[in-house]
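What follows is a single structure, written as structure tokens, with notes after it.
FYI, it's all coordinate maths here, none of it is from the lab. Keep in mind the model is a prediction, meaning the values are calculated, not measured. Every residue, glycine as well, gets a Cβ built from its backbone with ideal geometry; the counts of neighbours run over all protein chains shown.
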Amino acid sequence: MEFDMTTESGRRAYARKYLRSPLGVPGIVTDTNFFNGTDDGFGNDQATRTRYRRQARAVGIDTTGKVYCPELCRKGLSGGRDSAAWVPRTNGRSHIKSVLQKRRWSSTGRVEVAEPSYDIPDEKEHYEPAPDIVEKATMMDIHRNKLKRVSKQERAAMKAENAKLLAGNMNDP
């Protein structure tokens, strides 16, 4: 069937045939219509629905008005115990996007999140060791050398030497 796109009736017929869907116009997915035409994630499985909601309540998650998305569960937290997997109906798309970004996961489809970059910079970045690491190295030197008494000046010199030894550049082999 050909549509005459030059006439209003032709454009309407085309829209009725190809642009109507339960989710609205394709490509336009907002927080308001993200969950249109969907259930709460369990279909007709009342036993699983009850069990997951009970487990979620046991760990303090409010599931009222939320849809369960098992794809967002972290490993080991299945069964409704991951609060991020309970997505609110009102701002579901934004919630899913923020969870994916926080966990550095990517997604394509109705929620687009680009894959995070793990580029290693070319320039070498200098770093200083943390003070507690320097102190631990100094204490190990004192014990290794079986020194009984160390003056403040000797300790400061040992700390400076250990800090210099522990400092370095990022990306060094």
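3J(HN,Hα) along the range 49-56: 4, 4, 4, 5, 5, 5, 5, 5 Hz, from the Karplus curve 6.51 cos²θ - 1.76 cosθ + 1.60 with θ = phi - 60°, whole Hz, x for Gly and Pro. When we measure straight from the Cα of K75, which lysines land under 20 angstrom away, once same-chain ones fewer than 8 places off are left out? Correct list for K75: K97, K102. Its Cα gyration tensor gives the range 20-102 an equivalent ellipsoid; the semi-axes, largest first and in whole Å, are 23, 15, 10. A crude spin-label estimate for the pair L147 and E125, with each label 7 Å from Cα along the Cβ direction, gives 3.3 nm.
Under the criterion of Cα pairs below 8 Å and six or more residues apart, the relative contact order for the range 67-143 equals 17 percent. Residue separation of Q101 and M139 scaled by 0.36 nm, minus their Cα-Cα distance, works out to 9.5 nm of gained length.
Residue by residue, the range 30-39 carries 3J(HN,Hα) couplings of 10, 4, 5, 10, 4, 9, 4, x, 10, 9 Hz when phi is fed to the Karplus relation 6.51 cos²θ - 1.76 cosθ + 1.60 (θ = phi - 60°); x denotes Gly or Pro. In a Debye calculation with equal point scatterers on the alpha-carbon sites of the range 126-169 and no solvent, what is log10 I(q)/I(0) at q = 0.14 Å⁻¹? With one equal scatterer per Cα and no solvent, log10 I(q)/I(0) is -0.31. Label separation (T7 vs S94): 4.5 nm, computed from points 7 Å beyond Cα along the C-beta direction.
What FRET efficiency, computed as 1/(1 + (r/R0)^6) with R0 = 41 Å and r the Cβ-Cβ distance, is obtained for T48 and A114, rounded to the nearest 0.05? Taking R0 as 41 Å, the efficiency between T48 and A114 is 0.80.
Note on the range 57-152: the alpha carbon radius of gyration divided by the globular reference 2.2 N^0.38 Å gives 1.93. Working note: Karplus 6.51/-1.76/1.60 with θ = phi - 60° gives the range 72-77 the couplings 8, 6, 7, 4, x, 10 Hz, where Gly and Pro are set to x.
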